């Protein structure tokens with residue numbers, strides 16, 4: 001039963017992000033499942049340990065549930081009348097895909113500081129006036145060495 005609730009917790013967190021643009025707190029999750037906060041805390045920690053999302057371990061706030069960011073970033077995704085934050089350029093494309101929604105993406109190029117706007121319509125990238133590339137400073141196998149930096 002606990003394993004089932006673990007994965008239901010993950011599902012709840014992702015749905016909460018999609019519905020509200022932010023992660024639920026441990027207390028909100030406990031209330032949703034009518035379980036003690038301590039039990040919800042253990043599920044959060046276990047899901048973090050399994051890399052299903054990334055916690056700020058001091059506050060137990062979901063910092064990243066890819067592609068969603070729990071904090072404001074330079075990657076804003078406007079979809080379904082809401083504004084989401086993505087963790088990186090890759091994730092900014094993942095939010096419209098995860099939501100199955102059209103989107104307008106506002107980003108700031110890390111290298112140049114240039115503002116970029118991209119439109120996703122009918123699951124396709126609309127033409128832009130930019131020559132865009134996404135650069136990953138670390139290979140995937142090393143992302144969890146420092147996930148915030150990556």
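Computed from the coordinates by the stated procedures, all read-outs in this text should not be read as laboratory data. Treat the numbers as computed from the prediction; the structure is a model and nothing was measured. Note that each Cβ is placed from the backbone with ideal geometry, even for glycine, and that neighbours are counted across all protein chains shown.
Spatial offset of region 70-116 relative to region 26-45 amounts to 29 Å, using the alpha carbon center of each. Compared with the dominant principal axis of the Cα atoms in the chain, helix 37-49 is inclined by about 50°. Ordered by the count of other Cβ atoms within 10 Å of each Cβ, fewest first, 25, 112, 69 give 112, 25, 69.
In degrees between 0 and 90, to the nearest 10, how far off the longest principal axis of the chain does helix 2-20 point, with axes built from Cα atoms? Once rounded, one gets 40 degrees. May I ask for the angle, rounded to the nearest 10°, between helix 89-99 and the longest principal axis of the chain, with both axes built from Cα atoms and the value confined to 0 to 90°? The angle comes out at about 60 degrees.
Note on the chain: with a GNM built from Cα contacts shorter than 10 Å, the maximum mean-square fluctuation among 54, 33, 68 falls on 33.
Across the chain, the relative contact order, built from alpha-carbon pairs under 8 Å that are at least six residues apart, equals 13 percent. Calculated mean residue ellipticity at 222 nm for the chain: -10500 deg cm²/dmol, from DSSP H runs with n ≥ 4 weighted as -39500 (n - 2.57), summed, divided by the residue count and rounded to 500.
Ranked for footprinting exposure by Cβ neighbours inside 10 Å, fewest first, 118, 4, 105, 95 give 4, 118, 105, 95.
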